[in-house]
Amino acid sequence: MRAEYTGGPILGIETSCDETSAAVVDETGIRGLAIASQDAHAAFGGVVPEIAAREHVRSLDAMVDHAMTQAGTTADSIAGVGVTAGPGLVGALLVGVNWGKAYAMARGLPLIGVHHMEGHLFAAALEDPSAQPPFVGLLVSGGHTLLLEVREWGEYRILGRTRDDAAGEAFDKVARRLGLGYPGGPEIQRAAETGTPGRFSLPRPMLSKRQGPEDAAYYDMSFSGLKTALSIAVADVESRSRLDEAVADLAAEFQEAVVDVLVEKTMRAVEALGLRRVVLGGGVARNSRLRQRLAERLGSTGQLFVPSPRLATDNAAMIGEAARVRLLAGERSPWSLNADPGLVFPGLVQGR
Ligand code: KG4
Ligand code: ZN
């Protein structure tokens, strides 16, 4: 029975949404990573929870086998198990949590439940070991948008968050309104390449110059009104001409508006904390305009850490890495670990 973790390969499992993923990570980085993206949802324009859970059941064993083979490890050398315990779709999470629990219990391994968004924070560090605290973290995914001060791993201060839609969710909904495919982020980025921002004018929500760091609104974000403004602009175009001739310009203006908000909010944190190191995570971190604009604003005196595309979106390597750091710190989850769709961010410290 190896109840304590003192180093060695960790098996990471991620099934919170529509990616079924398994990974083997250790102190040298990623040794094996397998991700099955569920295509079945595209036809519905969004994730169907029942389909997601069923697909996880179907694919998880194969993903674990792939990751282990790639890593050149056998089950005997795995030293710990990390699994996403929340937030996410409850049926989807349950598949991974129960698989991870059963595996760890059967093999006498330490188990740790990982918060999905904390996992996203670790993605950049898997490729660039210098992506370590202290830093300002910007997590932009399909379900969450969080601006964090990270002084230490496991110690997080939430500076700001979206008050309604997540950034990725806004990309997905706007893409649908523009008649583009799912997921919407890459589709909008592609359409925006041939468009010009400014032909249409969309708002930049919550960027009032009169706010200061003491106002909650200084770091908080909102993307729902922007989505509505886009929808009104689309209706206006449709009443006068054909939408397809305006899609590129609308996409470019929408992308620019989201990027303006994300970059400005992040730079407010950078300036207020005097911390010119930013770590990006989550699917929207794949957006090239966001990366370019943030890098420009940080300049040569700042550092921007961005995970590569496959690690920006959901994957089990980031979960394995978060698990490795927590297990090394002596933590472990009880066998009563359960899927928690509303799991709160761990290690929160108070104060603005
Ligand atoms: O982190 P992730 O894989 O899943 C969640 O935890 O939600 O993020 C998925 C989100 C989707 O909303 C997708 O549209 C967005 O990331 N996304 C992008 C890009 N690639 C993916 N958004 C903007 N630009 C992109 N290039
Ligand atoms: Zn995610």
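Miscellaneous remarks
- Counting only protein heavy atoms and using a 1.4 Å probe, the accessible area of Asp236 comes to about 80 Å².
- Remark on Met221: its backbone amide H falls under 5 Å from those of Arg161, Thr162, Arg163, a criterion applied only to residues 5 or more positions apart or on other chains, H modelled at 1.01 Å from N.
- Segment 1-145 has equivalent-ellipsoid semi-axes of 24, 20, 14 Å, by the square roots of 5 times the alpha carbon gyration tensor eigenvalues, sorted largest first.
- Highest-first arrangement of 246-253, 318-325, where packing means the average Cβ count within 10 Å: 318-325, 246-253
- Listed residues Ala235, Ala131, Ala36, most fluctuating in the chain (Gaussian network, C-alpha, under 10 Å): Ala235
- Hits among lysines - C-alpha to C-alpha of Lys173 under 23 Å, sequence gap 8 or more where chains match: Lys227, Lys265
- Carbon + sulfur, % of accessible area of segment 133-310 - ligands and nucleic acids excluded, 1.4 Å: 47 percent
- Model label sites at Ala43 and Asp65, defined 7 Å from Cα along the beta-carbon direction, differ in position by 2.6 nm.
- Calculated on the alpha-carbon coordinates, the convex hull of the chain measures out at 128 cubic angstrom per residue.
- Contour excess over end-to-end distance, with Cα ends at Arg151 and Arg276 and 0.36 nm allotted per residue: 43.7 nm
- Once you reduce segment 141-212 and segment 1-63 to the center of their Cα atoms, the two points are 25 Å from each other.
- Evaluated at q = 0.14 Å⁻¹, the base-10 log of the normalised Debye intensity for segment 133-310, with identical point scatterers placed on the Cα atoms, takes the values -0.71.
- Its residue count N sets the reference 2.2 N^0.38 Å, and the alpha-carbon radius of gyration of segment 87-159 equals 1.31 times that reference.
- Karplus (6.51, -1.76, 1.60) ³J(HN,Hα), θ = phi - 60°, over segment 288-301, in Hz, Gly and Pro reported as x: 5, 5, 4, 5, 5, 5, 5, 4, 4, 5, 6, x, 6, 8
- Karplus-based coupling profile of segment 29-45, in residue order and whole Hz: x, 7, 9, x, 8, 10, 10, 10, 8, 7, 6, 4, 7, 4, 5, 9, x, with θ = phi - 60° in 6.51 cos²θ - 1.76 cosθ + 1.60 and x standing for Gly or Pro.
The values are calculated or read from the model by the stated rules, or taken from the named source; none is laboratory data. Model, not experiment: these values are computed from the prediction. Please note: Cβ atoms are built from the backbone with ideal geometry, for glycine as well, and neighbour counts cover all protein chains shown. Remember, those area values only see protein heavy atoms, side chains included, never the ligands or the DNA or RNA. Shrake-Rupley method; radii C 1.70, N 1.55, O 1.52, S 1.80 Å.
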